[in-house]
Each structure stands twice: as structure tokens, then as C-alpha cells.
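What follows is a set of notes on a single structure, which appears directly below.
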Amino acid sequence: MKKILITGGAGFIGSHVVRRFLINYPQYEVVNLDALTYAGNLANLKDVENLPNYRFLKADITDAKLISQIFQAENFDAVIHLAAESHVDRSIADPNAFVITNVLGTVNLLNAAREYWKGSYHEKRFYHVSTDEVYGALGDEGMFTETTAYDPHSPYSASKASSDHFVRAYHDTYGMDCVISNCSNNYGSHHFPEKLIPLAINNIKNNKPVPVYGKGENVRDWLWVEDHARAIDVIFHGAKSGETYNIGGHNEWKNIDLIRLLCEVMDEKLNREKGESAKLITFVTDRAGHDLRYAIDSTKLQNELNWVPSLQFEEGLAKTVDWYLANEEWLMNVTSGNYQSYYETQYRER
Ligand code: NAD
Ligand code: TYD
């Protein structure tokens, strides 16, 4: 049986990846390693936590010694690495946390895998889940491809770019089987309400101002999170070692247009007068170094591994709103911080 370590599985995207692998591959043993930071929430996996092929380990990837011990004890065949500090605004406030988790944490995992696999990478794989933000910002034209030069601007994207470089370096230097994917902005259920879409849903629901940075002219390419999890699945199983794939939704929205659409959906779902939620839109000071536009060309993934996004944005956004309105308790718990006590499991050193 294949034993797969998924890091960051208690987070937004990680929980969708863990669920997909548990359900689609009952023959795999899936170990979810997560430090349960403010963004990690085991309630995200409540529906699958009792499956026999699932296990959770509470551990911090910045603890090199512990990570090495876990690799020695566990016999992993593959790593899908998602654990990260993921919010650009937090990276502007505290860059060091991003260097420590995203760069050092990734290198700790690479070292542990290298040490444990001892240079024999047959049937082994280290998959790094990364972001399109490493490519920097686009103007009005063009799209990021896999050959676009790295040009990160925020401390978050700089830390992800650095970790991508380390993963490539371990492939090139030690021959480790590595793959990387760079994905655009995700949306969907279990998204922490500090990111634009869930924050706006939460604020609209509570009649609080919806902050739009600058003039709302910045463009993001939004992808349904379950389509990202499916892309990770096909890349994990189908990519050659050393390959990189871009993943995107072909779904560009100016922030202000997206928020206006979301306000319309919320009016409908909450039985409000048309236009009521839009009154909450509040333009605020722009984010420092705010990248103007991201857009992903995922032709390579489509041509080589036959992946295309499955869901229209309007449908996905309505489903997302429905999920948040139906999961008030989840939203209350994550905004109050109570969720960290939901699961007491600690990894015990062996
Ligand atoms: P998230 O913030 O929701 O989840 C991150 C998870 O990592 C949390 O469960 C957290 O507890 C865990 N974690 C953080 N620091 C840790 C540490 N030191 N040790 C162990 N676990 C730790 O993030 P997300 O949005 O789900 O993003 C997951 C990955 O996908 C990240 O690597 C991110 O860079 C990448 N990504 C995200 C997006 C997006 O739109 N959210 C797009 C492209 C790529
Ligand atoms: P975010 O969800 O933080 O993702 P990222 O910065 O990784 O793209 O932000 C998405 C876009 O929305 C980005 O252009 C910043 C903007 N934004 C706002 O206008 N208001 C907000 O409150 C937030 C969190 C983001």
C-alpha cells in the first residue's frame, strides 16, 4: 500500500486534497501532517476523519528534528506539500513567519525525504503545491506560462518562489523525484475568512463593511478548489519528475466586479432588496505592492494530462455562498479561534 504524507491537510486546499485522496484511493494510506495554526482546522475533515486509511499528525514543519524522526518512523512513499503561511496581508505585516514556514519548513521536508529515501527515488515523489504569485504581476495583456520568469513582489510570493527553487534544486542536485504546480486563486468551502471571497461573504452576512483595496481594479483568476484538488491528483499521478504545471480557472475577475456579483448573490440568498448588500462596499487604502493582474495559461496541463476546470464561476460562487450560510458554526468557530481545541491529538515521538 502506498503511504502518502499530505502537509497542511487541515487548511483550505489541503483538506480538499486529503478528502479527494481518501475517497478516490482507498488503497492509499493518507497521513495529514499539520501544525494547526490559526488557519488549520480539523473540523474541515470531520466527514472523513474516521476512514480507516486516514491518520492525523500534529507537527510543525519548522521543527527539523521532529520532521526527520517522523520520516524515519513512518515510511512515506510520497509527499504532497501544502503546509504554508498563505495570506499576503499577513506576510506584509510579518515576513519572518513566511520565511520560517514556507522556506525553512519546505527545506526541512526535502532534507527528511532525501535522508530517508537515501537517493533511491523509484516510486517516490515530492510534490510541492505552489502559487501563480511567484511570477509577479501582469499588465492588461498576457498570461503566465510555465516558462514565465519568477518575479515575486510580496513577502508571501517571495517565500513561495524560494521554496520552489529549493524543490527544483533538490531535483537537479540530488536527483530527487520532484514536481511543482503553480495555481491561481482558489475559492470554495472551508476557506478561511481572511481571504477576499469568504471575508466578503461573512461581512455581508453580518452587515459589516466589505473592504475593497484601492479602486478594486486588480484582477485575479479564480478556480474552484475541488478543481485544484483534481489537478493535484492528475499531476501527482501523471507528471514526469522535474515537471512544473500551471493550474488556473480561465476565469479573470476585477475585484470590484466580483464583489458586486457576490453582493447580488447574497441579496438573493438572504432575501434582501436588490442593491442592499452592495451598499456595504467600502474602498480602503490599497495593499502595499499590490499585484495588478494574475492570469494562468494552463494549456500544458490540458494537453498533457487532460485537465480542464469543471465549474462555471457563477455556479461555484453560489455553491460557496450556500456552504457558508449552511455552516454558521464553522464560521463562528474559526473567527473565534475555538477550533484549535477541537482535536487534541499530539504526535508522540517514538
Ligand atoms: P491555508 O492557510 O488555508 O492552510 C495552510 C495549512 O498549513 C493550515 O492547515 C496550517 O495549519 C498549516 N501550516 C501552516 N504552517 C505550518 C507549519 N509550520 N507546519 C505545519 N503545518 C503548517 O492555505 P491554503 O490556502 O489552503 O493553501 C495551501 C497551499 O496552497 C499553500 O502552500 C499555498 O501557498 C498554496 N496555494 C494557495 C492558493 C489559494 O488560493 N489559497 C493558490 C495557489 C497555491
Ligand atoms: P486575497 O484573497 O488575499 O488573495 P491574494 O492576495 O493571494 O490574491 O485577495 C484577493 C484580491 O482581493 C487581491 O487583489 C486583494 C483583494 N482584497 C481586497 O480588495 N479586500 C480584502 O479585504 C482582501 C482580503 C483582499
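The values are calculated or read from the model by the stated rules, or taken from the named source; none is laboratory data. Values in this document were obtained by computation on a predicted structure and should not be read as measured data. Because the Cβ atoms are built from the backbone with ideal geometry, glycine has one as well, and the counts that use them run over all protein chains shown. Heavy atoms of the whole protein, side chains included, go into the accessibility calculation; ligands, DNA and RNA do not. Shrake-Rupley method; radii C 1.70, N 1.55, O 1.52, S 1.80 Å.
Descriptive notes on the structure:
- Filter result (among the hydrophobic types (A, V, I, L, M, F, W, C) and either closer than 20 Å to residue 101 by Cα or under 13 Å from the mean Cα position of the chain (by Cα) (or both)) within segment 140-194: 158, 161, 166, 167, 169, 178, 179, 180, 183, 192
- Residue in segment 312-335 that is part of a helix (DSSP H, G or I), within 16 Å of ligand 2 (Cβ to nearest atom) and either open to solvent by 70 Å² or more (accessible area, probe 1.4 Å) or among the basic types (Lys, Arg) (or both) present: yes
- Any hit, segment 241-252, residues being among the hydroxyl-bearing types (Ser, Thr, Tyr) and under 14 Å from residue 131 (Cβ atoms): yes
- Residue match in segment 75-98 (condition: part of a loop (DSSP other than H, G, I, E, B), among the aliphatic types (A, V, I, L, M), within 11 Å of ligand 1 (Cβ to nearest atom) and farther than 27 Å from residue 286 by Cα): yes
- Residue in segment 219-242 that is of a type in the set (Phe, Trp, Tyr) and over 16 Å from the mean Cα position of the chain (by Cα) present: no
- Top-ranked residue in segment 62-107 [being in contact with a Pro (Cβ under 9 Å, 6 or more places away or on another chain) and open to solvent by less than 10 Å² (accessible area, probe 1.4 Å); ranked as nearest to ligand 2 (Cβ to nearest atom)]: 91
- Residue count for segment 108-143, restricted to those that are touching a strand residue (DSSP E or B) at 6+ places or on another chain (Cβ under 8 Å), within 12 Å of residue 79 (Cα to Cα) and open to solvent by less than 40 Å² (accessible area, probe 1.4 Å): 8
- Considering segment 241-271, and only residues there that are more than 16 Å from ligand 2 (Cβ to nearest atom) and free of Cβ contacts under 8 Å to residues at least 40 places away in the same chain, the residue that is surrounded by the fewest Cβ atoms within 10 Å (Cβ to Cβ) turns out to be 271.
- Residues of segment 154-178 that are within 11 Å of ligand 2 (Cβ to nearest atom) and either in contact with a His (Cβ under 6 Å, 6 or more places away or on another chain) or over 18 Å from residue 244 (Cα atoms) (or both): 154, 156.
- Output for segment 275-307, where each listed residue is β-branched (Val, Ile, Thr), more than 16 Å from ligand 1 (Cβ to nearest atom) and either in a strand (DSSP E or B) or exposed (fewer than 12 other Cβ atoms within 10 Å of the Cβ) (or both): 281, 282, 284, 285
- Among the residues listed as 23, 4, the single one being away from ligand 1 (no atom under 13 Å from the Cβ) and open to solvent by less than 10 Å² (accessible area, probe 1.4 Å): 4
- Residue within segment 149-165 that is within 16 Å of ligand 1 (Cβ to nearest atom) and over 20 Å from residue 105 (Cβ atoms) present: yes
- Summed over segment 179-232, the residues that are open to solvent by 10 Å² or more (accessible area, probe 1.4 Å), more than 13 Å from ligand 2 (Cβ to nearest atom) and more than 15 Å from residue 16 (Cα to Cα) give a count of 3.
- For segment 27-61, the candidate set comprises residues that are in contact (Cβ under 8 Å) with a residue 40 or more places away in the chain and part of a helix (DSSP H, G or I); within that set, the residue that is most open to solvent (accessible area, probe 1.4 Å) is 43.
- Test: residue in segment 15-31 that is under 25 Å from residue 198 (Cβ atoms) and within 16 Å of ligand 2 (Cβ to nearest atom): no
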